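The values are calculated or read from the model by the stated rules, or taken from the named source; none is laboratory data. Bear in mind the structure is a predicted one, so any value in this text is a computation, not a measurement. Because the Cβ atoms are built from the backbone with ideal geometry, glycine has one as well, and the counts that use them run over all protein chains shown.
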Amino acid sequence: MLSVMPLPSLTADQPTVRFHCGTTTEPDQMPTLTIKGLPDALYRRLKQQAKAHRHSLNGEIIVCLERAVGAGQADPDTWLHEARSFRERLRLRPLTDRQLRAARRAGRA
């Protein structure tokens with residue numbers, strides 16, 4: 001688990017943020033990460049983003065890291081297989097060109 005702990009610094013408006021990086025022997029605990037030397041401007045932007053997305057700072061950092069390393073990117077073949085399976089379970093027929101054109105026109109009205 002990523003934990004953000006603003007620590008006292010030389011000036012109150014420039015917090016030092018630390019993350020602890022390590023592994024744990026507890027099976028239900030996640031590892032933590034320490035980031036040293038985090039620029040103040042980056043810290044403020046992360047805090048602003050977290051607030052805008054209604055995340056904790058920790059949650060926002062995890063989302064940013066997942067995006068950066070490509071976590072959660074679906075394999076196109078797997079995604080198509082899942083979509084086809086879902087369609088079959090719901091017994092949905094593919095939309096025709098005529099239906100798609102009508103939907104586009106209705107959406108622009």
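Computed quantities for the displayed model
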{"item": "Pairs, first not assigned by TED's automatic domain parsing to the domain that holds T32 and modelled with pLDDT of 90 or more in the range 43-72, second charged (D, E, K, R) and surrounded by 13 or more Cβ atoms within 10 Å (Cβ to Cβ), C-beta under 7 Å, six or more apart", "result": "none"}
{"item": "Within the range 28-57, tally of residues that are assigned to a loop (DSSP other than H, G, I, E, B) and of a type in the set (D, E)", "result": "1"}
{"item": "In the range 99-109, residue surrounded by the fewest Cβ atoms within 10 Å (Cβ to Cβ) [restricted to those that are assigned to a helix (DSSP H, G or I) and hydrophobic (A, V, I, L, M, F, W, C)]", "result": "A106"}
{"item": "Selection within the range 3-42 - modelled with pLDDT of 70 or more and touching a Leu at 6+ places or on another chain (Cβ under 8 Å)", "result": "T32, L33"}
{"item": "Subset of the range 80-98 (residues that are surrounded by 10 or more Cβ atoms within 10 Å (Cβ to Cβ) and touching a helix residue (DSSP H, G or I) at 6+ places or on another chain (Cβ under 9 Å))", "result": "L95"}
{"item": "Selection from the range 36-76 of residues that are touching a helix residue (DSSP H, G or I) at 6+ places or on another chain (Cβ under 7 Å) and hydroxyl-bearing (S, T, Y)", "result": "S56"}
